[in-house]
Structure formats: structure tokens, C-alpha cells
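The values are calculated or read from the model by the stated rules, or taken from the named source; none is laboratory data. Values in this document were obtained by computation on a predicted structure and should not be read as measured data. Methodologically, a virtual Cβ is constructed for each residue, glycine included, from the backbone with ideal geometry; neighbour enumeration extends over all protein chains shown.
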Amino acid sequence: MNAMVDAAELKPVAPFLVVRDKDGNPGLQGSRCSACNETVVGTVKVCPNCGGRNSNVPVSLSTRGHLYNYTIVHRSLPGVKVPFISAIVALDGGGAIKGTLAVPIEDVAYDMLVEVSFFKADQVDTQGREYLIYQFVQA
């Protein structure tokens, strides 16, 4: 997280991005099923593993994990720099999250240890709001 940015003042780009503490440090929010112990990113009412209803409790997720899968994107929307690495990371302790991996393409390796880096987006929306975003970096 950029030391000059207070995450509490930024709008999260995704609902699973949360401010964890009074100092404004960001984190990831998930749900864990009390019936089967399945952990997912975000808030769910029905467990995707066992189908349990009302058995999910909110949990803070790890910001570290291992690269599960990736693709190198060569064509994207106008204004998006390519190539970039779109990645899926299996978080330590459960859950998986998709995002951009910010490492040189030649350094990418399956199962590499990565961590989530939080920062303020360069752009603002039409109402002038600033956003909290994330990417993966090598741990």
C-alpha cells in the first residue's frame, strides 16, 4: 500500500476489498462455511461446496498465496497497456482471487509465491471519486 494513501478515504474497486483496522490498512474479506470449512472470496449466503445455507461466517483472508493459473493478455480495451498478466491466485488459508500480476513476463512461474499490493488508482470516476485497487507482486 502506498504510504501516502489512506485506504479509508478510497472507494474499493471490489466489494471484497475492505479496510481492516483503525489505521486504514486494507485487506481482503471472505466467507468460511462452518459446515464444511470451504473458504471463498467475498460474502456468500450459500456455500458453493456443500450448499449449506446461513452457515457462512465472515473472515479476513490472507494477502499471500501461490500463482494457480495465468494468461498473458496481448489485446485489451483502448487505453489499457498490453501485454499484462491476468492471474488467479490461491490464497493461503483458502479462497482464490483474480487480478493482475505485476512481474516481468519472463519471471512468471506456476506456484510462485505472491502477495496482494493495495494502492490508489491513477484514474477517478465521473464524480471525482478515487478508488482502492490491488495487484499481485512477487513475495
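Listing for the model above:
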item: Any pair with Cβ under 7 angstrom, 6 or more apart, that starts in segment 124-139 at a residue that is basic (Lys, Arg) and ends at one that is surrounded by 12 or more Cβ atoms within 10 Å (Cβ to Cβ); result: Arg129/Lys11
item: Asp122 being on the phi < 0 side of the Ramachandran plot and of a type in the set (Asp, Glu); result: yes
item: Close pairs from segment 79-101: first closer than 13 Å to Tyr134 by Cβ, partner among the hydrophobic types (A, V, I, L, M, F, W, C) and surrounded by fewer than 18 Cβ atoms within 10 Å (Cβ to Cβ), Cβ under 6 Å, at least 6 apart; result: Lys98/Ile88; Thr100/Phe84
item: The lone exception for Cys50 - which of (1) more than 16 Å from Phe136 (Cβ to Cβ); (2) hydrophobic (A, V, I, L, M, F, W, C); (3) in contact with a Gly (Cβ under 7 Å, 6 or more places away or on another chain); (4) modelled with pLDDT of 95 or more it fails; result: (3)
item: Test set (1) out of contact with any His (no Cβ under 8 Å at 6 or more places or on another chain); (2) under 22 Å from Pro12 (Cβ atoms) - Val89 fails condition number; result: (1)
item: Residue among Val124, Val82 that is among the aliphatic types (A, V, I, L, M), surrounded by fewer than 15 Cβ atoms within 10 Å (Cβ to Cβ) and in contact with an Asp or Glu (Cβ under 6 Å, 6 or more places away or on another chain); result: Val124
item: Residues (under 18 Å from Gly27 (Cα atoms), surrounded by 15 or more Cβ atoms within 10 Å (Cβ to Cβ) and touching a Leu at 6+ places or on another chain (Cβ under 9 Å)) located in segment 93-120; result: Gly94, Gly95, Ile97, Leu101, Val114, Val116, Phe118, Phe119, Lys120
item: Qualifying residue in segment 10-25 (condition: farther than 29 Å from Gly128 by Cβ and either more than 15 Å from the chain's Cα centre (by Cα) or modelled with pLDDT under 95 (or both)); result: no
item: Matching residues, segment 14-24, being under 21 Å from Gln127 (Cβ atoms) and either surrounded by 13 or more Cβ atoms within 10 Å (Cβ to Cβ) or of a type in the set (S, T, N, Q) (or both); result: Ala14, Leu17, Val19
